[in-house]
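Visitor: Supplied in structure tokens, the structure appears directly below.
The values are calculated or read from the model by the stated rules, or taken from the named source; none is laboratory data. Not measured: the values here are computed from a predicted model. Backbone-built Cβ (ideal geometry, glycine too); neighbour counts: all protein chains shown. Areas reflect the complete protein model, heavy atoms only, side chains present, ligands, DNA and RNA absent. Shrake-Rupley method; radii C 1.70, N 1.55, O 1.52, S 1.80 Å.
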Amino acid sequence: MATVLLPLLLLLGSAVTLLTCAGAGASFPVNVWPKPTSMSWAEPHAAVPVSPSFHIVASSGNPYLASAAERYAKLLFRETYRPIVRPAVNVTAGNALEKLTVAVSDLAAPLQHGVDESYTLEILPTGAATVTAATAWGAMRGLETFSQLSWRAGRGDLLLVAAGVRVEDRPLYPHRGLMLDTGRTYFPVADILRTIDAMAANKMNVFHWHITDSQSFPIVLPSEPSLAEKGAYGEDMRYTVEDVEHIVEFAMSRAVRVVPEIDSPGHTASWAGAYPEAVTCAGKFWLPDGDWNHGLAAEPGSGQLNPLAAKTYEVITNVVNDLTSLFPDGFYHAGADEVTPGCWEADPTIQADLERGATLSQLLERYVSAVHPLVVSRNRTAVYWEDVLLDAAVNVSASAIPPATTVLQSWNNGPNNTKLIVQAGYRAIVSSASFYYLDCGHGDFVGNNSIYDDPNSDFDANGGSWCGPYKTWQRVYDYDIAYGLTPEEAQLVLGGEVAMWTEQVDTTVLDGRVWPRASAMAEALWSGNRDASGRKRYAEATDRLIDWRQRMVGRGVRAEPIQPLWCRTRPGMCNAVQ
């Protein structure tokens with residue numbers, strides 16, 4: 001073994017420890033993303049070679065953990081990650097890492113909101129390594145951390161892993177998600193699987209699948225097959241029951257929950273092909289005379305379910321029953337955002353109801369009061385976009401969406417709407433468009449837009465789009481989702497989700513739009529965005545994110561670069577302030 005190590009030691013020179021080591025705030029020769037709650041690496045920093053016979057020992061009592069153990073053992077040898085900056089470590093000759101032992105207290109704990117994801121990882125210089133966790137899902141987080149503490153070194157292909165390391169880790173927030181919209185753009189199953197795999201590597205745990213929208217209805221439901229037959233973009237752009245089962249199982253093996261969303265009663269133009277009698281204003285131009293005050297939809301694709309039509313409740317009952325059968329998660333996202341008054345007002349039956357003294361809010365409450373108990377009867381917590389409560393024109397009373405069975409997802413007005421949600425007693429998921437909308441910054445997608453006649457239109461704040469400014473990774477990282485809340489109110493914030501709406505996204509650009517910006521949120525919600533002194537740590541995070549992005553690319557994720565490599569090899573020289 002000593003002769004194998006000699007080229008590496010010559011290459012590294014004398015193994016001088018260049019970086020200090022003191023808990024979670026320290027920098028190390030090789031880092032972990034997201035940064036652990038607590039990590040120590042004994043000085044002088046050391047590493048041990050990984051034995052060719054290395055394996056991971058985990059109980060077969062949980063099939064998802066067994067699958068993860070096998071996957072990470074293979075990943076260790078398959079990965080060829082070489083740090084941009086050569087790690088300064090002592091390589092311990094004579095000791096090779098033979099195995100990693102995984103010990104779990106409760107193998108039967110289900111993957112659900114609030115499950116314990118804590119773990120402890122210890123890698124000894126003697127060549128012994130252990131992951132200890134309360135649940136299989138926490139153990140998977142530990143396996144990911146272990147994988148990131150390995151790298152290739154030397155002139156050959158020597159596989160090393162950090163030694164003398166102890167990690168004690170747990171997330172700040174139990175809900176760390178990514179929303180992907182497959183209603184506006186269809187994504188092949190392979191794209192979804194790759195995205196979920198990258199989420200798990202970033203210790204994100206909720207894949208919020210916004211399956212349908214006005215543009216398409218791509219999921220084949222056993223009780224309502226005509227919705228996909230008439231509403232999908234094409235027969236090759238549908239998700240079958242088998243596809244869904246595969247995605248859910250794949251996610252489970254990576255400790256990622258899949259929360260389905262079928263948005264309604266708004267955003268349902270794609271339902272009209274199958275059930276025209278249940279959809280109002282379908283097929284009409286979304287912005288008559290270019291008048292925003294009388295628009296029929298928030299964007300092209302007019303159509304909303306009619307709360308006065310009996311067919312509406314027949315169909316939505318089948319949809320909810322099918323979705324809750326296909327997706328085992330305890331959350332069901334029922335949408336309810338952007339109900340546009342003009343679309344309902346254009347319907348003769350609704351207009352007659354309004355003339356009799358009814359209001360649009362009463363109409364929405366009638367719909368929600370029928371659907372909410374249905375969702376709850378399926379042993380689900382109902383998740384809605386904040387509009388259902390906070391929209392100025394069309395909203396419901398709190399009695400229709402009891403806080404005990406309801407979670408609200410905020411997206412408008414930054415911390416202000418989060419404050420309103422928790423003050424009303426609701427649990428909140430934060431997806432503020434000002435910080436977490438990954439589609440922003442690419443202009444509006446509508447055509448024939450006269451705003452571009454003005455040569456200065458791209459120089460103002462919105463650049464022709466309401467979400468004109470691009471949300472940089474620093475913007476994402478820097479956001480405090482409990483900003484302005486009292487400690488009691490902050491307890492109601494479950495976590496956050498970055499949102500990938502797909503009016504201008506398809507398979508060719510998906511990875512780069514999501515990563516590494518989603519990684520920034522992943523760390524902020526796992527271990528925070530501040531150092532031990534309370535200062536924001538985005539400057540310190542830059543070099544680590546460059547390294548993590550490089551490792552993700554090596555794993556097949558086409559994440560965007562954030563700096564030239566020149567910056568990484570000259571720490572601090574690309575900062576705005578020294």
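Visitor: Would you pull out the residues with amide H under 5 Å of Tyr239's amide H, same chain only if 5 or more places away, H placed 1.01 Å from N?
Guide: Ile219, Val220
Visitor: So what's the gap between the Cα centers of segment 270-315 and segment 33-109, to the nearest angstrom?
Guide: Taking the Cα centre of segment 33-109 as reference, the centre of segment 270-315 is 53 Å away.
Visitor: Rounded to the nearest percent, how much of the accessible area of the chain (1.4 Å probe, protein heavy atoms only) is carbon and sulfur?
Guide: Carbon plus sulfur share of accessible area: 54 percent.
Visitor: Beyond a 25 Å Cα-Cα separation, which of these cross-linked pairs lie in this structure: Lys203/Lys536; Lys284/Lys419; Lys284/Lys311; Lys99/Lys203?
Guide: Lys284/Lys419
Visitor: I've got another one for you. Taking just the C-alpha trace of segment 219-378, give me its Rg and Dmax in Å.
Guide: 16.6, 54
Visitor: Using only Cα atoms, find the angle between the long axis of helix 517-526 and the longest principal axis of the chain, and express it within 0 to 90 degrees, rounded to the nearest 10.
Guide: 80
Visitor: Please sort 29-37, 393-401 by packing, taking for each peptide the average over its residues of neighbouring beta carbons within 10 angstrom, highest first.
Guide: 29-37, 393-401
Visitor: Over the heavy atoms of Arg475, what accessible area does a 1.4 Å probe trace out, to the nearest 10 Å²?
Guide: 110
Visitor: Would you compute, from DSSP H runs of 4+ residues alone, the mean residue ellipticity of the chain at 222 nm, taking -39500 (n - 2.57) per run and dividing by the full residue count, rounded to the nearest 500?
Guide: -9000 deg cm²/dmol
Visitor: Need the full-extension length gain, Ala532 to His246, defined as separation in residues times 0.36 nm minus the C-alpha distance. One decimal, nm.
Guide: Here the segment from Ala532 to His246 would lengthen by 98.8 nm.
Visitor: Shifting gears a bit: If amide hydrogens are placed 1.01 Å from N in the peptide plane, which non-local residues have theirs closer than 5 Å to the one on Leu100?
Guide: Placed amide hydrogens put His55, Ile56, Val57 under 5 Å from Leu100.
Visitor: Continuing with this model, one more query. Any chance you could run the full-extension gain for Thr349 through Gln112? It's 0.36 nm times the residue separation minus the Cα-Cα distance, nm to one decimal.
Guide: Gain on extension, Thr349 to Gln112, equals 81.1 nm.
Visitor: Now for a separate question. Rounding to the nearest 10 and keeping the result within 0 to 90°, find how far the Cα-based axis of helix 360-377 lies from the longest principal axis of the chain.
Guide: With both axes taken from Cα atoms, the answer is about 50 degrees.
Visitor: Of all beta bridges DSSP finds with both residues in the chain, what is the antiparallel percent, to the nearest 5?
Guide: Approximately 35 percent, going by the DSSP bridge assignments.
Visitor: Starting from the amide H of Thr381, placed 1.01 Å from N in the peptide plane, find each other amide H under 5 Å away whose residue is 5 or more places distant or on another chain.
Guide: Correct list: Phe331, Tyr332.
Visitor: Per residue, how large is the accessible surface of the chain? Use a 1.4 angstrom probe and give square angstrom.
Guide: 39
Visitor: On the Cα set of segment 38-169, report Rg and Dmax in Å, please.
Guide: My reading of the Cα-based Rg and Dmax gives 14.7, 46 Å.
Visitor: Rank-order 522-528, 235-241, 250-256 by packing density, defined as the average count of other C-beta atoms within 10 Å over each peptide's residues, highest first.
Guide: Listed from highest to lowest mean packing, they are 522-528, 250-256, 235-241.
Visitor: Could you tell me how many degrees, from 0 to 90 and to the nearest 10, lie between the Cα long axis of helix 310-326 and the main elongation axis, the longest principal axis, of the Cα atoms of the chain?
Guide: Approximately 10 degrees, to the nearest ten.
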